[in-house]
Structure formats: structure tokens, C-alpha cells
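Structure, as C-alpha cells:
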Amino acid sequence: MKTLILVFLLALVPCVRAQQVALITNTEGRKTMSLDGQWHVIVDPYESGYYDYRYQPSDNGYFKNAKPKSKSDLIEYDFDKSATLKVPGDWNTQTDQLFFYEGTVWYKKSFDYQRRPDTRLFVYFGAANYFADVYLNGEKLGQHEGGFTPFNFEVTKLVRDTGNFLVVKVDNKRRRDAVPTLMTDWWNYGGLTREVKLIETPATFVNDYMVQLQRGSRDHVTGWVKLAGDKLTQKVSVRIPEAGVTKTFTADGSGLAAIDFNADLKLWSPENPKLYEVFIEAETDRVRDLIGFRSIETRGTDILLNGQPIFLRGVCIHEEAPLRGGRAYSREDAVTLLSWAKELGANFVRLAHYPHNEFMIREADRMGIMVWSEIPVYWTIQWENPATLENARNQLGEVIARDKNRAAIVIWSVANETPLSDARLSFLRNLISHARTLDPTRLLSAAMERHYLDDKTQMIDDPLAEYLDVLGCNEYVGWYDGLPEKADGLGWKSKYQKPLVMSEFGGDALFGHHGDALTRWTEEYQENIYQHQIGMLKRIPFLRGTSPWILMDFRSPRRPLPGIQDFWNRKGLISDRGERKKAFYVMKRWYQELQERSRM
Ligand code: GCU
């Protein structure tokens, strides 16, 4: 157990160079100060705020936030006279000038902060797309790669009571060796896309913890608590007042306490998303969290929630803001999207293709919606590149760190539609074993592709499936592959005795665009696809879940068709303005059927 926890924490350190503190995963009950709001920005396509004219990193870059000290001083930028952008928020939808912009934008926020004695202070970012260099008062704190996971830096020694300036260079340029790589089917929204805040902690504090049911158990809680600071060998207790639980453990010299106890708990499920108030208490600190307890496992081709076979009635969701477009980030966005999924009859969502914001996960926890969480190992990643692997491992580590105590998360997905090769297989196997080491309690999957065994049979025999718990498969019969009725004659086979989630299917339709059932882009064509799809899906004996592509239309630079797409992928069952398309009701009817049957 101790080695497992050490592996867990060390997995999170490489990306932050300044102060070696793991991700602070829960700020509930901590003294925090939000830095959200308007930030001054400098758009810097040539990165002249970072490099000198010899393209060498300059010691005198924009991170110095310099001001002329005399009339003769030469300073060629001034944050305080520059435009502002709202944080959290992508830059693309805040001003038309930046709609297609991919490059560097410098952000500056000034603030005062009186730190209480014997405390530590951290600056926390919910996410920054894609590469962030972070400075406080002209000093480099560190950098972070990956646009969809949180990171924090310690600023205890650098912060002053007044006149602090936090400067972040955010660069969303796509790179071949990055994760995701050059080609995706979603908008590359850049910026400080999620909340930024200061977090104050005691000198020795509860840095991280995992409190979950042991895999396959419905009453045995296992996990750990990790303290950070100088007084590490402390008593640590886990309290669940409503369940009459108070358990005390002793942290070792590294501040690590393994926890292990039995408890009689009401189990979390979509029907009853029970969350318990849980207190993690040390002598010098205490955090409160809302945690649900449930077991998730597979048995043959079944998926078992709390020991009972379950069908995952799902839908895919991109982190596109409902009704306004742009990167979604707020609790309201999450509630809107998840309420639409519930209206469809879903008890499950596939959050594609990257970790969504924490509000999404915590609302899913509260609303009783199971979650497939995925990292953006999407299409053709640079499999042979060790730095790309390290980057993917880090993003996986960060999302598991943030969400490991959320009952809603049932599946970690390590990839989407990746081409078969030995390099790809070893890359993804590495991620799978990393995830299993970090979190032995959840299921592993990936969205794979299928091939035709013969013109009537689809086959799932991707070698990757050997290492997964749940098979994910994307198919577009009726859209990229033939016409809708083609699904009628198709059967499915799998090389593996494992449950299948059909992780994508569907087709495009512009809301309000009507015609006959074979006219592309019409609601009738999309409806036609779904009617034939459902017929085919019902015939797959090992199917245990579906997540059609996709709940709501979303922006994509790969979709320019004028008057129809206009840079929107129109495969939503709901338009970007919240209008339900005909296919929405076809899916809803089937999910109602399944729900009634599951109640029987
Ligand atoms: C792919 C892919 C999605 C994409 C969808 C589409 O399967 O996984 O990211 O948006 O198909 O083509 O609409």
C-alpha cells in the first residue's frame, strides 16, 4: 500500500518544477482567494515577450511586468494599458480577433494578500490550454503541459502583502509530439479556461487522500492520507459522522497514513446518489469532502454496480458551453449539460476526449450520473516519443488525483480511435498499468475501432482489449459507413469475453433542416440513423452500454460546410442553442424502455 501511494504522489511531481508539492485535490473549507475576473493580456504571436531576437529565452521578458522608471527608459509593453480577457474563459470566443488564434497570450493579474502566520500559500489553476509558464513577482514558479488538468505551485516565500503580480504565458499552439497532437475534431480553445485561486494551508496540512471502497467490496474502505509539511508523524483520523465512523491511523515519517476499515454505508447509485460528509483530520489540519461509496466491476460480459448487472444508458459530451459556445467551465454549464443528459434518460456520460472541469464531475456525483473520463490520447499520437508518453502519463495522473474520490467516475479511458501498431500497444499498456497502480478501484477502457469480418459481421479484436476491463467501440454505420438501413443486416462479434460500450455512433443534422429520411444533414436522416442503430444495438449480446455521439453540437475547425456546419460538428441530439432534434426523442424512447426493463 505505501509504495502504491508513493508511486501515486511521485507520479504528479515532474511537471511542476518550483515547489515540490502534489496537487491539492480538495480546497473545500480552506481559506482561498479567487483570482477570477478580468486579467490584462498581451497577445504575442512571435513570443517576443519570452525570446530575444536571437530566439533565446530572455531574462527580461514580459514576466517582469516592467514599468519605465524614467522618461528615457525603453519598455515596449504595458500590461495595465493592455486589453483584458475574462478568466476563466477561452480567448477564442471573447473577441473575434482571437477566434482562430493559436499561439501565445500573456495574462497578468495584480493582487494583495496578507498571509496568516505559520501558513503556506499556493496558486491553483483548474486548467490552462495548452502550455503554461507561470511567474510571480517576476520569479518563475514553473510550467505545466496539458490543457485539461489542474496544477498548483507554492508561493509562500514569494508572496508579499501588497503589489503582487501573477503572470502566465499560455500557448495553445498544436504540436506533433503533444497530447492531443496536431489533428482533433474539436476547437482548440486557448487560455486560462478554468478557475485560478490562492489556497492557504497550515504549515503541515492534509495534502491529498483517497477514501474509496476496495474493488468489488461493498463495506471495506481502503485508501490513504498524505500530509505535507514538517510535522509529518501525526495521528490522522477519518470521520463519517452519518455512518458513525471515526477511525484513527498514524502517519509515517513521510506523512503517509494507510487507511483501512469496515463500515456499513448506503451505496451510491444513479437511483440513490448518496454522498457522505467525510472529514479527514490531522492534528494541524482538517478537510471536509462529500464522498459516495459504490463498487464497480465486471463479470464476464456484465458490468456490475454494487454487485448488480447494469446497462450504461449514456451519451457523449464535449466541454462546449451550452447556449453560448466556447469552453464550458462553470457549475451552471455542468448542471445544464447533465440535466439534458438526464432528460434523455441517461445514467451515464462519456466526457470526451479530455478531462472536463471539476464542476462536471461533482455535479455528476450529486445527480447520480456515472462517468467515463478520458485523456486526450486521440487519433495518431507520437507513440515512439518518450516525452509524449511521459506527458500522457502525467495528464492521467493529474485527472486521477483530482477525481479519485468521486463515486460518479466508473471508467478511466486511455485513448480514442488510435491506429493499431506495436508502438501504440506498448504506449497504451503503459498508461493502463499506470492507471491501475494509481487507482485499483475503477474500470479501464478505450474507444477502439472495429473491422468487417465479412460484409455482414463487425469484429472487435483490437489487441489492446486484452488489457481493458470494458471494450469501447466507435462506429458510424449510416453516416461515414453506408446509409442508415445498412445497420439492419449487421451482426457483431468480439474476440473477448468482456462487456461492450458502443462509445460513439450517430450522424449530423442541422436543427430545423428538414427533408426525407435519406437527405443528409436533415433531422429526418439523423432520426433514420438512430432508428436503425437501435435495432442493431439491441442484437449485440455483449452490449452493456451506449454513448451516442453526441449530446450537443460542438465547434470544430474541421467542419466548414457553409449554412450547415459553419465550423460546428452537427452530430448533437441537441443544437448549440438547446433545441432538441428528432433523433433526441428516438434515443429517449429506447432509454425509457431500458429503464422500465431494469426496474422489473
Ligand atoms: C470520431 C471522433 C470524434 C469525432 C467524430 C465525428 O469518431 O472520435 O471526436 O468528432 O468521430 O466524426 O463526428
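Which semi-axis lengths, in whole Å and largest first, follow from the square roots of five times the eigenvalues of the Cα gyration tensor of the range 324-403? Please report the intermediate quantities before stating the final value.
Numbers: eigenvalues 148, 32, 29 Å².
Semi-axes (√(5λ), whole Å): 27, 13, 12.
Above 17 Å lies some portion of the pair distances; for the range 113-154, what is it as a whole percent of all C-alpha pairs? List each step's numbers first, then the result.
Values: 328 of 861 pairs.
Result: 38 percent of Cα pairs exceed 17 Å.
In the chain, taking the dipole from charged Cβ atoms about the Cα centre, the farthest positive-side position among Asn416, Ala364, Phe293 is held by Phe293.
The mean sequence distance of close C-alpha pairs (under 8 Å, at least 6 residues apart), as a share of the length of the chain, puts its relative contact order at 12 percent. All alpha carbon pair distances within the range 413-496 were sorted into 10 Å bins beginning at 0; the resulting P(r) in whole percents reads 17, 44, 27, 11, 1.
How much mean residue ellipticity at 222 nm does the chain get from its helices, if each DSSP H run of length 4 or more adds -39500 (n - 2.57) and you divide by all residues, to the nearest 500 deg cm²/dmol? Present the calculation step by step, with values, prior to reporting the outcome.
Working: 7 runs with 102 residues, N = 600.
Dividing the helical sum by the residues of the chain leaves -5500 deg cm²/dmol.
For the range 224-373, the orientation-averaged shadow of the C-alpha convex hull comes to 11.2 nm² (one quarter of the hull surface). Across the accessible surface of the range 474-568, with the other protein chains kept in place and a 1.4 Å probe, carbon and sulfur atoms take up 57 percent. Per residue, the convex hull spanned by the Cα atoms of the range 75-200 measures out at 117 cubic angstrom. Spread over its residues, the convex hull of the C-alpha atoms of the chain is 148 Å³ per residue.
Per residue, what accessible area does the range 135-292 have, given a 1.4 Å probe and all protein chains present, in Å²? Could the numbers behind the result be given before it?
Details: 5400 Å² over 158 residues.
On a per-residue basis, 34 Å².
Heavy atoms of the protein chains alone define the surface here; on that basis the range 367-475 has 27 Å² accessible area per residue at 1.4 Å probe size. Summing charges over all other residues whose Cβ lies under 11 Å from the Cβ of Leu312, with Lys and Arg as +1 and Asp and Glu as -1, gives +3.
Each label was represented as a point 7 Å from its Cα along the Cα-to-Cβ direction; for Thr156 and Thr248 these points are 2.6 nm apart.
Extending 7 Å from the Cα toward the beta-carbon at both Asp73 and Ser598 defines two label points whose distance is 6.4 nm. Using a probe radius of 1.4 angstrom, the carbon and sulfur fraction of the accessible surface of the range 277-406 is 51%.
Packing around the peptides 394-403, 265-274, 156-165, taken as the average count of other Cβ atoms within 10 Å per residue, puts them in this order, highest first: 394-403, 265-274, 156-165. Need the C-alpha centroid separation for the range 247-300 versus the range 44-60, integer Å. Answer, in whole Å: 48. Ranked by the mean number of other Cβ atoms within 10 Å of their residues, highest first, the peptides 139-148, 423-432, 524-533, 173-182 fall in the order 524-533, 139-148, 423-432, 173-182. Ordering of 546-555, 57-66 by packing is 546-555, 57-66, highest average first (other Cβ atoms within 10 Å, averaged per residue).
The values are calculated or read from the model by the stated rules, or taken from the named source; none is laboratory data. These numbers were taken from a predicted model, which means no experiment stands behind them. Cβ coordinates were reconstructed from backbone atoms using ideal geometry, including for glycine residues, and neighbour counts include every protein chain displayed. The accessibility values were calculated without ligands, DNA or RNA, using every heavy atom of the protein model including side chains. Shrake-Rupley method; radii C 1.70, N 1.55, O 1.52, S 1.80 Å.
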